[in-house]
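To start, the structure itself, in structure tokens.
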Amino acid sequence: MTDASRPERPAPPWALLAELTHACPLHCPYCSNPLELARRSSELSTGEWADVLRQAGELGVVHTHLSGGEPLLRPDLADIVAAAEAAGIYTQLVTSGTALDEARLAALTAAGLRSVQLSVQHADARANDRIAGRPSSFAAKEQAAALVRRAGLPLGLNIVLHRDNLDAVGALIELGVAWGADRIELANTQFYGWGLLNRAALLPTRDQVTRAHEAVEDWRTRLAGQVELIWVVPDYFDGVAKPCMGGWGAVSLTVAPDGTVLPCPAAAALPDLAAPNVRDRSLAWIWERSPAFNRFRGTDWMTGPCRGCPRREEDFGGCRCQAYALTGDPARTDPACAFSPDHDLVRRLSEAGPAEPPPPYTYRRPGAAPVAPA
Ligand code: SF4
Ligand code: FES
């Protein structure tokens, strides 16, 4: 059977998420990294990353997020930035800000780094450090923000929102303005990986989400033309599936620390994906030909209400990882969608409200979470 929605050769990707390492000095309970974190001994070498970025440039990638874990823990980070620059790829460092100093930032900038996205957990230093699971991390972030501004690089703040910080959204925006951010991304927690494990502790009330959204819209008006505010919707609450990753295998790919290539950062949890690896195959083959990238491309794979739905080219049936996490079948309609026969699973969670008292976090640490046997 041919699939008219899936052309013989897919359009090239434009973005690559490079997860350089899963090692991290912070232990955020909302992290979307897999529960089974890649060991440092399995990480791609400098030369292997340079080759991945060369192939990515040839494939059409124009933007890479250098992420993790904490990418600053890679001593060869400047070499990796230089390889991306040589491949014609714009580099953004996604960091917790710990371990950034003036000399390191100067080396990265000289290698071609173009912008920095800094994570922040809370506007209050003690609450920030509690959520991050590391003392003094707020002070390190404040210092990192000042260094980035002094270096003249664009600065973005990335704030993952949940029960513990949604009420501080106004203070977080004020903090971003005070630190000189050009862009503040307020992303409601997506429940994958460690975030799913900690869902009972992180899930907010509907009222919290509504109040925070109103505050963001108010700030959007006040900051118009000065700071870009992004609000990533909490799909458990609005009955609308998100266009996850802009569609499976449509615009971006993720390379995990050990060279596994995934259509999205959370896809490692999907069963029978047979995720390819850059150590075995070219990036072009992986993007164009691999079963993993073709599995949910286009619309022919769709089941249930998605098949005949007028929104299927807009939201691509929602998120495959969420469909799997909630129903056990990654090909079902995302239960976040109000048309999904499984929508009750999400509605019950959002209507039940948060657990009282909130359960303790399971902080992200190797070996801290139960991992199902392979
Ligand atoms: Fe999107 Fe499928 Fe829901 Fe239609 S039924 S809105 S395509 S998730
Ligand atoms: Fe994997 Fe949405 S997070 S498809």
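Bear in mind these aren't lab numbers, they're just calculated from the coordinates by the rules spelled out. A quick note: this is a predicted structure, and the numbers were derived from the prediction, not measured. Neighbour counts run over all protein chains shown; Cβ positions are idealised from the backbone, glycine included.
In this Cβ point-charge picture (+1 for Lys and Arg, -1 for Asp and Glu), the range 222-352 has a dipole of about 180 debye about its Cα centre. A helix-only calculation puts the chain at -9500 deg cm²/dmol for mean residue ellipticity at 222 nm, using -39500 (n - 2.57) for each DSSP H run of at least four residues, averaged over all residues. Three principal axis extents describe the C-alpha atoms of the range 209-288; from largest down they are 51, 30, 21 Å.
Beyond 26 Å, the tail of the calculated P(r) for the chain holds 52 percent of the Cα pairs. Pairwise Cα separations in the range 106-147 fall into 5 Å bins from 0 onward with the following percentages, short to long: 5, 23, 25, 18, 11, 11, 7.
About its Cα centre, what dipole magnitude does the chain give when the only charges are +1 on Lys and Arg Cβ and -1 on Asp and Glu Cβ, stated in debye to the nearest 20?
Here the size comes out at about 240 debye.
Restricting to Cα pairs below 8 Å that are 6+ residues apart, what does the relative contact order work out to for the range 12-100? Please round to a whole percent. Computed over the range 12-100, the figure is 40 percent. Here, the range 33-136 is characterised by an Rg to Rh ratio of 1.01, where Rg is the alpha-carbon radius of gyration and Rh the Kirkwood radius. Put in line by how crowded their Cβ is, counting other Cβ atoms within 10 Å and starting with the fewest, C309, C264, C319 read C309, C264, C319. In order along the range 38-53, the phi-based Karplus estimate (6.51 cos²θ - 1.76 cosθ + 1.60, θ = phi - 60°) of 3J(HN,Hα) comes to 5, 6, 4, 5, 8, 5, 4, 7, 4, x, 5, 5, 4, 5, 4, 6 Hz; Gly and Pro are listed as x.
Put simply, the range 264-374 fits an ellipsoid with semi-axes of 28, 24, 10 Å; these come from the alpha carbon gyration tensor as the roots of five times its eigenvalues, largest first.
Once Lys and Arg get +1 and Asp and Glu get -1 on their Cβ, which of G68, G88, L161 lies farthest toward the positive end of the dipole of the range 28-172? Among G68, G88, L161, the one farthest towards the positive end of the dipole of the range 28-172 is L161.
Normalising the average separation of contacting C-alpha pairs (under 8 angstrom, six or more residues apart) by the number of residues puts the relative contact order of the range 221-374 at 22 percent.
Taking amide H atoms as placed 1.01 Å from N in the peptide plane, the amide H of W231 lies under 5 Å from those of L186, each 5 or more residues away in sequence or on another chain. Once both labels are positioned 7 Å from their Cα atoms along Cα-to-Cβ, the gap between V233 and W285 label points is 4.0 nm. When the Cα atoms of the range 98-212 are aligned to their principal axes, the ranges along those axes come out at 45, 26, 24 Å in descending order.
The ranking of S115, S96, S41 by Cβ neighbour count inside 10 Å, starting from the fewest, reads S41, S115, S96. With contacts taken as Cα pairs under 8 Å and at least 6 residues apart, the chain reaches a relative contact order of 20 percent.
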